[in-house]
Amino acid sequence: MEPDEPEKHYSIGEAEELLADINDDAYRKMILSIEQLNPHRAGFTAEDLFELALEKVLSGDRKWPKSVKSHTFIRNVVRSLIWSMVKSKKDALSQATALENIDDISDLDLTADLRNDETAISKAVHTLMDAFKGDQSITCIMLNKLKGFKATKIKGICNLTENSYQAAIKKLKRNARKMFPAGIDYWRDDQ
């Protein structure tokens, strides 16, 4: 431990006092912020991850720099926890990861889980299609993804450059995450 470390980081006692001072309004804001990180891909709720982050801080596993505000620090601890948990699930493709890796979706044999209602699946697809009705690039990309085409072929079919394709995919992902914050749980990977 360096001699100047106590000056850079809060002690466990100081961190405990700061965490105890978090009021209900600040707590709600933190939970909403954590929800944006999509905690469900780690198999937890935002509240659970908030509690785990507090445990990490109070056990001394995560040192709190004095220059970082509580909201930012807790959010970063939660982000780290989610990343670690998702990384440890090597055998399962989470729903959020499936959306993030939409280019690879054509490589998967995605079939409806028999326990799920076919109309619910159709509704989710139609919701996405309706959201991008006016955007020809995204509509073209989605229709060709549903046909199972890869990114290279889709760029040719839709007359898109690499940059315009990437911009459309980012827009699609961003809006899909907003529309389905817990992911679309209607699909399973039958590879």
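Please treat every number below as a calculation from the coordinates, not as lab data. Remember, predicted model here, so these are calculated numbers, not experimental data. Positions of Cβ are generated from backbone atoms using ideal geometry, with glycine treated the same way; all protein chains shown enter the neighbour counts.
Quick one: if the Förster radius is 22 Å, what FRET efficiency do N76 and N175 give, using the C-beta to C-beta distance and rounding to 0.05? Once the sixth-power term is evaluated, E becomes 0.30.
Using 0.36 nm per residue and subtracting the Cα-Cα separation, the extra length available between M129 and N23 on full extension is 34.0 nm.
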